[in-house]
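The block underneath contains the structure these notes are about, expressed in structure tokens.
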Amino acid sequence: MRLVKPKKFLGQHFLKDLKVAQDIADTVDTFPELPILEVGPGMGVLTQFLVKKERTVKVVEVDFESVAYLREAYPSLEEHIIEDDFLKMNLQRTFEGKPFVLTGNYPYNISSQIFFKMLDNKDLIPCCTGMIQKEVAERIAAGPGNKTYGIMSILIQAWYKVEYLFTVSEQVFNPPPKVKSAVIRMTRNETKNLGCDEKLFKLVVKTTFNQRRKTLRNSIKPILGKDSPLTQDLIFNKRPEQLSVQEFIELTNRVEQELATSQEENGQ
């Protein structure tokens, strides 16, 4: 059986340590009743342990060589190999609208995009696990006051509990990446509604972190303008990384109220 050569443009780094693969596979066991979707299976080093879980496993792979290898190596998966780009998939169709666990040894170059797609489908994905670049994992798991705390930390933690599970050496991959990796698990929290305008929440978070070294008073000007009376409040003396998710929700509500008041005053 012909092995697949890792492709740099796809961000492929094939895991070769079976113990690590087993440990990643076991991260899905918090939801034993749900089917599994694995992203980027490559040559199936993680897949071989997932298919032993006695539940439906589907894999999505964009690399045609990997797809051919998987069809030959895992004939029982034939009906469950999806040759597609995960980022372009309609996830409602994957398991007929039913929830599933998302997992994988994710390509480093699109891991952030994968998690933003997870957020867009949060009602379908109660649990997401897998291996990513260590730096990205630390960013997602970081809390307020941490220098790595940022946009992704807040947007994900608003909906998911994040667990940084373990670090993985670069030497267990072919080819070895230039950075360490980490395995994380994100589990949906009990939030059903943020309690604020979700679109505005994202805008406030992204706008303020675009100038993260500045105080909120300065970084929020693109939204509120230069002379908003709201920015005289003490909270605007803080920098964005000092605010918790809940404080960003409260800030969003105040910004929305201020914008509405301003529009009324301007007769709009």
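The values are calculated or read from the model by the stated rules, or taken from the named source; none is laboratory data. No experiment lies behind these values; they were computed from the predicted model shown. Every residue, glycine among them, receives a Cβ derived from its backbone with ideal geometry; neighbour counts consider all protein chains shown. Surface accessibility is based on the protein's heavy atoms, side chains included, excluding ligands, DNA and RNA. Shrake-Rupley method; radii C 1.70, N 1.55, O 1.52, S 1.80 Å.
Going by what's in this entry, would S76 be described as open to solvent by 40 Å² or more (accessible area, probe 1.4 Å), over 19 Å from V28 (Cα atoms) and of a type in the set (S, T, N, Q)? When the stated conditions are applied, S76 passes them.
Looking across the range 121-150, the residues that are out of contact with any Asp or Glu (no Cβ under 6 Å at 6 or more places or on another chain), open to solvent by 40 Å² or more (accessible area, probe 1.4 Å) and assigned to a loop (DSSP other than H, G, I, E, B) come down to D123, P144, G145, N146, K147. Taking the range 155-207 as the search range and keeping residues that are more than 18 Å from F116 (Cβ to Cβ) and among the polar types (S, T, N, Q), which one is modelled with the lowest pLDDT? The residue in question is N174.
Taking I151 as the residue in question, decide whether it is at pLDDT 95 or above and either touching a strand residue (DSSP E or B) at 6+ places or on another chain (Cβ under 8 Å) or of a type outside the set (A, V, I, L, M, F, W, C) (or both). Spelling it out, it is not the case that I151 is at pLDDT 95 or above and either touching a strand residue (DSSP E or B) at 6+ places or on another chain (Cβ under 8 Å) or of a type outside the set (A, V, I, L, M, F, W, C) (or both). Here the helices (runs of 4 or more DSSP H) wholly within the range 151-267 that include at least 1 residues being touching a residue at least 12 places away in the same chain (Cβ under 8 Å), of a type in the set (D, E, K, R) and surrounded by 14 or more Cβ atoms within 10 Å (Cβ to Cβ) are 198-209, 216-219, 245-265.
Please tell me if S112 is open to solvent by 10 Å² or more (accessible area, probe 1.4 Å), farther than 26 Å from P175 by Cα, small (G, A, S) and assigned to a helix (DSSP H, G or I). Here the answer is no, as S112 does not meet what is asked.
Here P41 meets the list (1) at pLDDT below 95; (2) in a helix (DSSP H, G or I) almost entirely, failing just condition (2). Just to be sure I understand, how many residues within the range 53-73 are in contact with a helix residue (DSSP H, G or I) (Cβ under 8 Å, 6 or more places away or on another chain) and open to solvent by 60 Å² or more (accessible area, probe 1.4 Å)? Qualifying residue count, the range 53-73: 3.
Would you say Q48 is open to solvent by 10 Å² or more (accessible area, probe 1.4 Å), closer than 21 Å to Q133 by Cβ and out of contact with any Ser or Thr (no Cβ under 9 Å at 6 or more places or on another chain)? Judged against the criteria, Q48 is not a match. Only one of the numbered conditions (1) touching a Leu at 6+ places or on another chain (Cβ under 8 Å); (2) within 22 Å of F116 (Cα to Cα) is not met by Q211, and that is (1).
All of (1) of a type in the set (G, A, S); (2) modelled with pLDDT of 95 or more; (3) crowded, with 16+ Cβ neighbours inside 10 Å hold for G97 with one exception: (3).
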